[in-house]
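Throughout, read-outs are computed from the coordinates displayed, never taken from laboratory work. Here the structure is a predicted model, which is why all the values come from computation and not from measurement. For neighbour counting, all protein chains shown are included, and Cβ atoms are generated from backbone atoms with ideal geometry for every residue, glycine included.
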Amino acid sequence: MVEGWTSGEEAILAAFDGEQMMADLEALGEIGWVAGTGLQRMAYSPADLAGRRWVLAQMQALGMEAGIDAAGNVVGVLPGSEPLPALALGSHTDSVPGGGKYDGALGVVGALACVRTLRELAVVLRHPLLVIDFAAEEATTAASPLGSLAFVGALTVADLEGPAWKGESTRALLAESGFDAAAVAASRLPQPVGAFVELHIEQGEQLTGAGGGVGLVTGIVGIRRYFVRFVGQANHAGTTSMARRRDALVMAAPFITAVREIAVAQGIVGTVGRVDVQPGAPNVVPGCVLLDVEIRGLDELLLDAAEEALRLAAEAQGGAFTSGHCKAPVPADPALLAVVERVCRRLGVRHQPMASGAGHDAMNMARVCPYAMIFVPSEAGISHAPAEYTAPAECMDGVRVLLATLLELDRRI
Ligand SMILES: [Zn+2]
C-alpha cells in the first residue's frame, strides 16, 4: 500500500481506466472537427450544442442527475452521503475557431472519468459531486468566461450586448441558438460549492521545457492595459530635414523597448500589441502614435512597480500614459494547493508551481469558493490550434491527480 492512502482509495485509483478516458476525449474531439482547420465548436454553434449534448448523455449514462441550464452550462450531480457543500470538477467544451481537442475538453472528460471510477466501485462520497461543462469559456462572446460568470451571479443582461464570434451581438447569437439573454444572466450554480478543481492543459511551454509533469497553478494572472499617446508634428517626409523633425514614432520607439525591459526586470510579461501610426503614409513624418500596452502578472506589487516604471518611461519620451481595462490576479487557495501537492508526491507525479497566464472558469468560481487548477503539458506549447496535443500518459497523470485530490478533499473538508 502506498503511504498515506487508505486501501479503499488505492483501489479507486487503480480502477481508473485511462484508455476509456482517452477514447472519450477522442470521441468528443470528433464533434465539430473540420479536416484542415481543426475544432470549430464556438460557443452556441450547432457543434458546441452537440458537444454539450454528448457530455449530458455521458453524465446520464453514469447515473448522474444531469441537465443543460438556461445558459448552456451542463451540470451533472452525484449525490453524497452527508449534507455538505458540493465538491465541483469541470472545465468547458466550447472552442476557439480552429481550436484543438484538449483545451477545456480534458477537464470535462477527466471529471467524467472520476465519476465513472467511483460508480464502478459503487463508492459514495461524503460530499455531493458536481461535474460542470461551463458555457462559452473562450473569448468568442462578450463577458467570457460567460457560463461561469453567470453561475456566480456576476453576469448582467447588459454585458451580453458586446460582439460574439459571428460579428453580431452576443444577445443576437444567443437568440439565434434558442437562448434567452435574461435567462442566461439569471443562470446560477445549482447548489453551494465548497471547492472547485479544474484540470486543464497548460497552453504554454513551461512544463514541456521542464521535461513534463503537472503544473500546480498558484494563481491566474492579473491583466492591466494602458494607452500611450505620443504627439509630434506630421510633416513632409521629403522636405523636412532630420534636424527639424518631431517624429512621433521615433519618440515611441524607446518606450516600446522599455516595455520589454521593464517586464523582464519585474519578472512579469509585457506587450505592445497595437501600434497606430498617424497619418500612416510613407511620405509623411508620423505626427501621432497610439500604443496599446498590456502587462500580466500574479503579484499586485510587481504590477504596481511595472506600471510606475512604464509611466515614467512614457513621460520621459513626451508620451501621455493612461490606464484602461484592469483585472486583478486571482490566487488559488493555498490549502487546496497543498492538498494537490501532497497528492502528486504520493502518486509520484512530478510537479511544479506555476502561474496561469490565461484566464479560466476557475477565476470566476473563485468568487464563491476556493479553487485549484492542475495543468498538464502542451506539446511544444501549442494551443488554440489544431496541432494542440498532450500525450495520453500525461492526460492520464492529470486525471489521476484530479481523482486523488477529489478523494482527499472528500475526506478532509
Ligand atoms: Zn480552456
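List of remarks:
- Loop-located GluC sites (Glu not before Pro) in segment 93-140 (DSSP state other than H, G, I, E, B) with a sparse environment of at most 12 neighbouring Cβ atoms within 10 Å are absent.
- Between T240 and R411, the simple label model (points 7 Å from Cα in the Cβ direction) yields a spacing of 7.2 nm.
- For segment 224-240, 3J(HN,Hα) computed residue by residue from phi via the Karplus equation (6.51, -1.76, 1.60; θ = phi - 60°) reads 10, 10, 9, 10, 10, 10, 10, 10, x, 9, 5, 7, 5, 6, x, 9, 8 Hz, glycine and proline entered as x.
- Net lengthening on full extension, F227/A139 (0.36 nm per residue, minus Cα-Cα): 29.5 nm
- Additional length obtainable on full extension of the chain from R342 to R367, 0.36 nm per residue less Cα span: 6.5 nm
- In this structure the amide hydrogen of R246, modeled in the peptide plane, comes within under 5 Å of the amide hydrogens of Q233, none closer than 5 places in sequence on its chain.
- For the chain: relative contact order, % (alpha-carbon pairs under 8 angstrom, 6 or more apart): 21
- Pair Q191, R260: separation of 7 Å Cα→Cβ label points (nm): 5.4
- Estimated vicinal HN-Hα couplings, Hz - segment 204-211 in sequence order (Karplus 6.51, -1.76, 1.60; Gly, Pro = x): x, 10, 4, 6, 5, x, 8, x
- Amide hydrogen neighbours beyond the local backbone of K166, cut-off 5 Å, H modeled: none
- Ranked by the mean number of other Cβ atoms within 10 Å of their residues, highest first, the peptides 268-275, 303-310, 108-115 fall in the order 108-115, 303-310, 268-275.
- Cα centroid separation - segment 352-377 against segment 86-114, whole Å: 13
- In order along segment 343-358, the Karplus-derived 3J(HN,Hα) couplings, from 6.51 cos²θ - 1.76 cosθ + 1.60 at θ = phi - 60°, round to 4, 4, 4, 5, 7, x, 9, 4, 8, 8, x, 7, 8, 9, x, 10 Hz, and Gly and Pro are given as x.
- Computed from the C-beta positions of L312 and A183, the FRET efficiency with R₀ = 60 Å rounds to 0.80.
- For segment 286-387: relative contact order, % (alpha-carbon pairs under 8 angstrom, 6 or more apart): 26
- For the listed peptides 195-205, 248-258, 379-389, 211-221, a ranking on the average number of other beta carbons within 10 Å per residue, highest first, reads 195-205, 211-221, 248-258, 379-389.
- Estimated 222 nm signal from helices in the chain, with DSSP H stretches of n ≥ 4 weighted -39500 (n - 2.57), rounded to 500: -11500 deg cm²/dmol
- Amide H contacts under 5 Å for G297, placed H, 5+ residues apart: G222
- Prolate/oblate/rounded call for segment 55-139, Cα gyration tensor, a/c under 1.5 rounded: prolate
- Fluctuation leader among E300, E82, E161 - the chain, Gaussian network, Cα springs under 10 angstrom: E82
- Normalised by the number of residues in segment 225-353, the mean separation of alpha-carbon contacts (under 8 Å, six or more apart) gives a relative contact order of 33 percent.
- Between A27 and A57, full extension at 0.36 nm per residue minus the direct alpha carbon distance yields a gain of 9.5 nm.
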